[in-house]
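Beneath this line is the structure, given in structure tokens, with notes to follow.
The values are calculated or read from the model by the stated rules, or taken from the named source; none is laboratory data. Source: prediction; values computed, not measured. A quick note on method: Cβ atoms are made from the backbone with ideal geometry, for glycine too, and the neighbour counts reach across all protein chains shown.
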Amino acid sequence: MRDPLITYITSRPGSALGDLAEAALSRDGELEEQCERGTLHPLMHHAEELVKAADTIEHRLEGYDARANARNQVADYIDAVVLPGTYDPRLRRLPDKLRAARKKAWSQVDLSTGETRFIWDEKAGEPLLCPDDAREEGMRLQRRLEGKLEELARAGLRVYYGVLTIDNAPLGHMAARVEKLWRKFKRALKAKASGRPRGVSKKSWPKLFPIAGAIATLECPLSASRTWHPHLNVIFVTRGFFDWSAWWQHWQCVSHFQELKPGNVAAAFRELIKYAVRAVPEKSAAKAGSHSTCNTVSQSSFAPSDSVPPAHFAISSGTVMDFWPDSTKASGRSSRPLSAPPAMIEWTRAEWLEWWASMKGRRRTRTYGELYGLNVEPEEEKREWRTIGTVQWSRERFVSRVVLLECIPGDKSIRNPAERYRRWLEKLEPPREIWDGLATIGEEAWRMIQMEQMQP
């Protein structure tokens, strides 16, 4: 049977998908060569590196397993709850896109650094629903912005992380409340200080807050009271001290800030953005596990984690305290609600459709000032990536295969392939007695030849 990839390449020369198909064929061809040559392949000289890479791949796949299962759960939920009575072809394609995504990958290793990566066959292209797509979106933001943030911090500017909320929106009003939140945020960035005398232009008058740049990421989860809780995870770059108490009075809703010190800005930004852009299905599982924790966490746990998401802690006078979506007024803090916010797969059809219509196609992350327009990612340094195996989805987990490690014969209980390879070679060598016997036979034959030559 003719390979469908080869058929595609020959029928559509020069297409982008054709280039991807050719790349996939070349990777498969590289693995086939490794299978054919086996222990004689040059990569066998890097047996130790291959073992470390295999261990790294197995460790990384644990996260991919969880995200793939979350993606499949959302596909089942959309099929069962959302699609009945829906005739929008874009919505009807979603479950198939989610289920077909990331079923196979080629695993690669950079032999110089030991770093590993996966080249996936197909992606869903839905960062709102697919945890892996959302994770890649966060990594793109990280590559674009973390270096600039660290550079500004070292140049003397101050960097702050904050969470800005607004009144919860009842069902049916999510889109309007989200637009109000963005307008409120942009007005706050441009707000002017009071006391401008007559005759002085508004443009030349100093701003109320010394904000030189900002990045904001929108979240709008469903709260325990079944109302929408829009809020922004923001990072401010300021010229000088930022009086967040003045911001509190100006914003008039819950807002909390923490200053990030130079040297830690890039790492903190990496952790914060990793949570902020996570897909809602993945966050739902994390929030469900966080409700058994106590109401306070230590100052050292400022870096967000799966159990304490940054959108659900507040910072005031050096103390970290939980706050929850229903506490939206600045006049006080409410305690943790008794019931947990529902996971996405527990939403009603109307709730999901409203959320999807309000979030799909809208930019969740926006940049301003010194951070605006940093859309060019730094060029990746050239590396020698070598394809070493495949990753295949099997029921509820990924199964990894490193070709050359499987090609090494001998006792499979020996984990180190280099050691296994050495012992296999030793078994192929003839016993010492055979070598001694061959040496004796050779000596006798040499003496007989010499004696024949000495005869007249």
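At-a-glance table
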{"read-out": "Every residue from the range 215-245 that is part of a strand (DSSP E or B), over 30 Å from residue 350 (Cα atoms) and out of contact with any Ser or Thr (no Cβ under 7 Å at 6 or more places or on another chain)", "value": "235, 236, 237, 238"}
{"read-out": "Identity of the residue in the range 111-132, touching a helix residue (DSSP H, G or I) at 6+ places or on another chain (Cβ under 9 Å) and not in a loop (DSSP other than H, G, I, E, B), that ends up farthest from residue 402 (Cα to Cα)", "value": "131"}
{"read-out": "Failed criterion for residue 144 (all others in (1) of a type outside the set (Val, Ile, Thr); (2) at pLDDT below 90; (3) buried (at least 20 other Cβ atoms within 10 Å of the Cβ) hold)", "value": "(3)"}
{"read-out": "Residue that is under 19 Å from the mean Cα position of the chain (by Cα), surrounded by fewer than 17 Cβ atoms within 10 Å (Cβ to Cβ) and not small (Gly, Ala, Ser), where the choices are 136, 126", "value": "136"}
{"read-out": "Condition met for residue 239 (among the charged types (D, E, K, R), assigned by TED's automatic domain parsing to the domain that holds residue 346 and in contact with a strand residue (DSSP E or B) (Cβ under 9 Å, 6 or more places away or on another chain))", "value": "yes"}
{"read-out": "Tabulated pairs, the range 169-185, first in the same structural domain as residue 218 (by TED's automatic domain parsing), second surrounded by 15 or more Cβ atoms within 10 Å (Cβ to Cβ) and among the β-branched types (Val, Ile, Thr), C-beta under 6 angstrom, 6+ apart or interchain", "value": "170/227; 181/166"}
{"read-out": "Members of the range 56-102 that are part of a helix (DSSP H, G or I) and either of a type in the set (Val, Ile, Thr) or assigned by TED's automatic domain parsing to the domain that holds residue 283 (or both)", "value": "56, 57, 74, 78, 81, 82"}
{"read-out": "Options 23, 54; residue that is buried (at least 16 other Cβ atoms within 10 Å of the Cβ) and modelled with pLDDT under 90", "value": "54"}
{"read-out": "Residue match in the range 246-263 (condition: modelled with pLDDT of 85 or more, in a strand (DSSP E or B) and among the hydroxyl-bearing types (Ser, Thr, Tyr))", "value": "no"}
{"read-out": "Pair list, Cβ under 6 Å, 6 or more apart: the range 40-67 residue in contact (Cβ under 8 Å) with a residue 12 or more places away in the chain, other residue of a type in the set (Val, Ile, Thr)", "value": "53/109; 53/116; 54/402; 56/116; 57/116"}
